[in-house]
Amino acid sequence: MKINNKCALVTGATGGLGTALCRMLAKDCKKLILLARNRDKIGHLEKKLKSLNAHVRIESHILDLSDGKAVKKTIEVIKTSNKRIDVLINNAGIGTHGSLLSSNTEDVEKLMDLNLHTPLLLSLGLKELLYSADESYLVNIGTVAEQIAMPVMGAYSVSKSGLYMLSRVLAIEGRKKNLKILHVTLGPMNNKNFDNNLLAKGELKKNTVFKTDTDKVAEKIILGIRRNRRHLTIPFYFSVVICLDRLFGRTLDQFKLRMLK
Ligand SMILES: NC(=O)c1ccc[n+]([C@@H]2O[C@H](COP(=O)([O-])OP(=O)(O)OC[C@H]3O[C@@H](n4cnc5c(N)ncnc54)[C@H](OP(=O)(O)O)[C@@H]3O)[C@@H](O)[C@H]2O)c1
């Protein structure tokens, strides 16, 4: 799908991947709708995007994306100020490096709300605006941990595997309405913001290898939209790891425990 002169909405726009995506979209899109929680970061991002393309229109919404009521209110505001959305990117998300069984229930609920419930609310709440476009794209940013059960990333794995199934279901149902879905199964990126935001830290050994550059990931996602892709695994070699886990899961689970401190 072409993205020239289109309207794109990005959640978690101020984060590592969100910012990289917005920078790329700003060059071609007519309008960007940005959702994030920090007013200063959004202000800074707006200036950066305007410097890339002075003509791009920007509409920003500051809210806690793990608060369902705030999300529903924002959906109504977006519906009054926009007739259509061509690209919706469910990017905001938090991870965890803490055991699921020892987690605080409220923390896990917040993670589930942000990573799964909000993408679901946005997809359903904004579907009319997506249908109004001749063709539209919904992009869900997932993780390798949605396909492989990882120790102490349990809550994250559970939320993102739900997101993966949301993508699969919408990919079938959306066909009738010219709505395309791109699901991104993403490996670790070199982004400190994500590591700082983790729900719990410290139980997983630090991964300093296998980290992909955030800008490269954003480039691949934009290319995926342009080429009408339905699923991307970034970097590609994680597809092999996922296949191995499906074939030899029980044996590999022994090795996964070694990742714990
Ligand atoms: N980084 C990785 O290694 C990695 C690997 C696989 C998948 N992913 C996925 O990629 C996506 C983007 O990750 P990233 O690395 O760019 O993370 P990031 O830099 O932490 O960005 C996340 C964005 O979401 C926002 N956000 C977090 N909690 C929020 C809340 N309650 N309400 C509103 N906004 C909130 C953050 O706001 P602030 O700017 O205020 O923090 C930020 O804009 C996520 O879905 C993540 O699960 C990341």
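Derivation of every value follows stated rules applied to the coordinates shown; laboratory data play no part. None of these values were measured; they are calculated from a predicted model. Every residue, glycine as well, gets a Cβ built from its backbone with ideal geometry; the counts of neighbours run over all protein chains shown.
Using a Cα-Cα cut-off of under 12 Å, which aspartates and glutamates could be cross-linked to Lys69, ignoring same-chain neighbours fewer than 8 residues away? Within reach: Asp113. With contacts taken as Cα pairs under 8 Å at a separation of at least 6 residues, the chain carries a relative contact order of 20 percent. Each DSSP beta bridge with both residues in the chain is either parallel or antiparallel, and the antiparallel ones are about 5%. Here is the tail figure for the chain: Cα pairs spaced more than 30 Å apart come to 24 percent of all pairs. Rounded to the nearest 20, the size of the Cβ-charge dipole of the chain about its Cα centre is 740 debye, with Lys and Arg at +1 and Asp and Glu at -1. Counting Cα-Cα pairs of the range 155-243 in 5 Å increments starting at 0 gives whole-percent bin shares of 3, 11, 18, 22, 21, 14, 7, 3, 1, 0. Backbone amide hydrogens, once placed in the peptide plane, bring Lys180 within less than 5 Å of Ser136, Tyr137, Leu138, excluding anything fewer than 5 places away on its chain. Taking the average, over residues, of other Cβ atoms within 10 Å as the packing measure, peptides 36-42, 215-221 rank 215-221, 36-42 from highest down. Pairs exceeding a 24 Å alpha-carbon distance, out of Lys160/Lys205; Lys73/Lys216; Lys79/Lys220; Lys41/Lys177; Lys31/Lys211: Lys73/Lys216; Lys79/Lys220; Lys41/Lys177; Lys31/Lys211. What separates the Cα centres of the range 169-213 and the range 1-22 is a distance of 15 Å. Largest GNM mean-square fluctuation across Ile181, Ile85, Ile172, computed for the chain with C-alpha springs under 10 Å, falls on Ile172. Helix screen, the chain: DSSP H segments with Cα axial length of 27 Å or more and mean Kyte-Doolittle hydropathy at least 0.5 are 154-173.
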